[in-house]
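The values are calculated or read from the model by the stated rules, or taken from the named source; none is laboratory data. Here the structure is a predicted model, which is why all the values come from computation and not from measurement. We place every Cβ from the backbone using ideal geometry, glycine too, and count neighbours over all the protein chains shown.
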Amino acid sequence: MNCPYCGKEMEKGVIQSPHEISWKKKKSFIGRAMFHEGSVVLSELSFMSGSAAIAYLCRDCKKIVIDYSENTEA
Ligand SMILES: [Zn+2]
């Protein structure tokens, strides 16, 4: 993937967590996305391997891009 800001090739990697990884409208004590309307789950909780979402890094622009149509294998 090319950086949408500078156009250079981005570095592929993962964002990893022992918990579900999701986008929500705001931070909440109850973090699970299923309790928040409009949320997007980036990686379901996996007890075996943890959660991981594929993410692309641009070190020059200090941006990270996550395409959540991609699968969560990682
Ligand atoms: Zn960039």
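Go through (1) within 16 Å of the ligand (Cβ to nearest atom); (2) touching a strand residue (DSSP E or B) at 6+ places or on another chain (Cβ under 6 Å); (3) of a type in the set (Gly, Ala, Ser) for Ala52 and report which single condition fails. For Ala52, the exception is condition (1). How about the stretch 6-39: which of its residues are without any contact (Cβ under 8 Å) to a residue 24 or more places away in the chain, of a type in the set (Gly, Ala, Ser) and farther than 23 Å from Asp60 by Cβ? Answer for the stretch 6-39, where residues must be without any contact (Cβ under 8 Å) to a residue 24 or more places away in the chain, of a type in the set (Gly, Ala, Ser) and farther than 23 Å from Asp60 by Cβ: Ser22, Ser28, Gly31, Ala33, Gly38, Ser39. With respect to the conditions (1) within 16 Å of the ligand (Cβ to nearest atom); (2) out of contact with any Cys (no Cβ under 9 Å at 6 or more places or on another chain), Pro18 lacks only one, and its number is (1). Only residues that are at pLDDT below 95, among the acidic types (Asp, Glu) and closer than 21 Å to Val65 by Cβ were counted in the stretch 1-50, giving 2. Can you confirm whether Gly13 is within 16 Å of the ligand (Cβ to nearest atom) and exposed (fewer than 11 other Cβ atoms within 10 Å of the Cβ)? Against the criterion (within 16 Å of the ligand (Cβ to nearest atom) and exposed (fewer than 11 other Cβ atoms within 10 Å of the Cβ)), Gly13 does not qualify.
For first residues located in the stretch 43-59 and farther than 9 Å from Ile15 by Cα, partners that are of a type in the set (Gly, Ala, Ser) and lie 6+ apart or on another chain with Cβ distances below 7 Å form the pairs Ser43/Ser51; Ser43/Ala52; Ser43/Ala53; Glu44/Ser51; Leu45/Ser51; Gly50/Ser17; Leu57/Gly13.
Working only within the stretch 16-30, note down all residues that are exposed (fewer than 14 other Cβ atoms within 10 Å of the Cβ) and either under 16 Å from Phe47 (Cβ atoms) or among the polar types (S, T, N, Q) (or both). Passing the criteria: Pro18, His19, Ser28. Note on the stretch 52-74: among residues that are within 10 Å of the chain's Cα centre (by Cα) and at pLDDT 90 or above, the one that is surrounded by the fewest Cβ atoms within 10 Å (Cβ to Cβ) is Ile64.
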